[in-house]
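Below is one structure, written out as structure tokens; comments come after it.
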């Protein structure tokens, strides 16, 4: 089964999975825990989420390692008790097991890499070297656990995304997908640090990212517009993973109200614009991915 | 005559900390009323910076540098507030921080600066503040307000836990809780039993003032 992700995206639109954190919260993860801890404490629950996404039709599943870099883990009490290498390797291993146990073939495993949570100057004191080393360490452990590619996501500062890309490159030769997260402002789409979609994606593509795009923060309707902007200006393969609408708070919990049908219809528009991969972020569940899978198969 | 205030505002909008500090000193040399310098000068500047941020004209790095410039001016002026008009601070102390698990510092710092500029005694605990720490600091400083910022849907339940902790320790009558941050709302404040919500630094000051005078 010598699958090559970069070949696969030339042949077809790849379907990534949806939200992990919101799925674990639904399974009882509390705000006192870090989601990555469940790779060790409750691996069966994490595997159940992976399995549900595979059954729904996802062709790429993402490890439960969004906040599993050393710097981010050090920010919380529970995180500090976890060994970064162990968490990442275990997370990749259980996702790999889920793929091996599945009856479907051709599933890729993406090692998920999120931001450090610290900021570069002038906002914070994070240095490029610290960030790169943390990402390199995470990528080495994910590689040992058996990932096929890396997915850097929810990056709000292109400088940090670039360090993630460089750190991963130092640890592995596997493909790297990089997603920035954009807010919609009156003047257009910008990251928290003011990067625009076309500048941000160009920098990442010219630094050698195999696929670039956007995830989180905005919902599918806004993501259509963002996809148009990126497709017009970027030649590299593109990926989009929006949230399931805007979260509303209900009884202390974030509730995402978008329906899977609406999400899937918007995502098909993004495919028509020229996306090479699609998937979901916060609030999306296997139902969203199943619906999108059906649309992709039937081509409407 | 009021050009100095214009210059103060401009120094903040230009994100120029050196200039802001220099102007703060000049206002003292010229024996200007301190609160007037803050409100008509620097606060107008930081408000404009906040507006530019909202509009997407500037971004987080500029916002932070603007807030730093504001802090530098305030550091010069604050000792003078203490020496002069201090009636609010005599009776009202605010413990403020961003809730545990959340490192977003800027909005909270703006609110802290504005409260301080308006004469409140502010105890800023920074970001990622544990539930118990808010309550302990409120006891230690004899505060009558706790202001809690949360920028993430995953961390905002912590605001509720602070309210619960205050109730548990039978301090509810003594301490008012106000909340803020992108995912919060008046409905959320009501749901968790907080005393109010404010969507920006200026309304946060108005809210706390209003609650303070109502007492």
### Query
Filtering segment B:34-79 down to residues that are closer than 23 Å to residue A:126 by Cβ, free of Cβ contacts under 8 Å to residues at least 24 places away in the same chain and part of a helix (DSSP H, G or I), which residue is nearest to the other protein chains (Cβ to nearest Cβ)?
B:61
### Query
Which one is farthest from the chain's Cα centre (by Cα) among residues in segment B:80-104 that are at pLDDT below 85, surrounded by fewer than 22 Cβ atoms within 10 Å (Cβ to Cβ) and not in a helix (DSSP H, G or I)?
B:84
### Query
Which of the residues that make up segment A:29-44 are more than 14 Å from chain B (Cβ to nearest Cβ) and either more than 19 Å from the chain's Cα centre (by Cα) or touching a residue at least 40 places away in the same chain (Cβ under 8 Å) (or both)?
A:39, A:40, A:41, A:42, A:43, A:44
### Query
Looking at residue A:283, is it within 14 Å of chain B (Cβ to nearest Cβ), farther than 16 Å from residue A:155 by Cα and touching a helix residue (DSSP H, G or I) at 6+ places or on another chain (Cβ under 6 Å)?
yes
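From the list A:241, A:258, which residue is away from chain B (no Cβ under 14 Å), more than 17 Å from residue A:160 (Cβ to Cβ) and part of a loop (DSSP other than H, G, I, E, B)?
Values: A:241 fails: part of a loop (DSSP other than H, G, I, E, B).
None of the others qualify; the one that does is A:258.
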### Query
Which one of these is more than 20 Å from residue A:226 (Cα to Cα), surrounded by fewer than 18 Cβ atoms within 10 Å (Cβ to Cβ) and without any contact (Cβ under 8 Å) to a residue 60 or more places away in the chain: A:143, A:170?
A:170
### Task
Answer yes or no as to whether residue B:177 is more than 14 Å from chain A (Cβ to nearest Cβ), at pLDDT 95 or above and buried (at least 20 other Cβ atoms within 10 Å of the Cβ).
yes
### Message
Whether any residue in segment A:100-109 is within 12 Å of chain B (Cβ to nearest Cβ) and at pLDDT below 95 is what I want to check.
### Response
no
### Query
Out of all the residues in segment B:202-213, is one or more touching a helix residue (DSSP H, G or I) at 6+ places or on another chain (Cβ under 6 Å), within 27 Å of residue B:103 (Cβ to Cβ) and within 14 Å of chain A (Cβ to nearest Cβ)?
no
### Task
Identify all residues within segment B:185-215 that are closer than 27 Å to residue B:42 by Cα, in a loop (DSSP other than H, G, I, E, B) and free of Cβ contacts under 8 Å to residues at least 40 places away in the same chain; write none if there are none.
B:199
### Task
Looking only at segment A:203-212, decide whether some residue is under 19 Å from the mean Cα position of the chain (by Cα), at pLDDT 95 or above, part of a strand (DSSP E or B) and closer than 30 Å to residue A:99 by Cβ.
yes
### Candidates A:200, A:213, A:194, A:188 - the one that is within 14 Å of chain B (Cβ to nearest Cβ) and under 21 Å from residue A:9 (Cβ atoms)
A:200
### Query
Which residues, counting only those in segment A:112-134, are without any contact (Cβ under 8 Å) to a residue 24 or more places away in the chain, more than 10 Å from chain B (Cβ to nearest Cβ) and either out of contact with any helix residue (DSSP H, G or I) (no Cβ under 9 Å at 6 or more places or on another chain) or not in a helix (DSSP H, G or I) (or both)?
A:125, A:127
### Residues within segment B:131-165 that are within 10 Å of chain A (Cβ to nearest Cβ), touching a helix residue (DSSP H, G or I) at 6+ places or on another chain (Cβ under 9 Å) and in a loop (DSSP other than H, G, I, E, B), tallied
2
### Summary
The lone condition residue B:124 fails out of (1) away from every other protein chain (no Cβ under 14 Å); (2) buried (at least 20 other Cβ atoms within 10 Å of the Cβ); (3) more than 28 Å from residue A:193 (Cα to Cα) is (3)
### Query
In the set A:235, A:222, which member is surrounded by fewer than 20 Cβ atoms within 10 Å (Cβ to Cβ), assigned to a loop (DSSP other than H, G, I, E, B), at pLDDT 95 or above and out of contact with any helix residue (DSSP H, G or I) (no Cβ under 6 Å at 6 or more places or on another chain)?
A:235
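The values are calculated or read from the model by the stated rules, or taken from the named source; none is laboratory data. None of these values were measured; they are calculated from a predicted model. Note: ideal-geometry Cβ built from the backbone for every residue, glycine included; neighbour counts use all protein chains shown.
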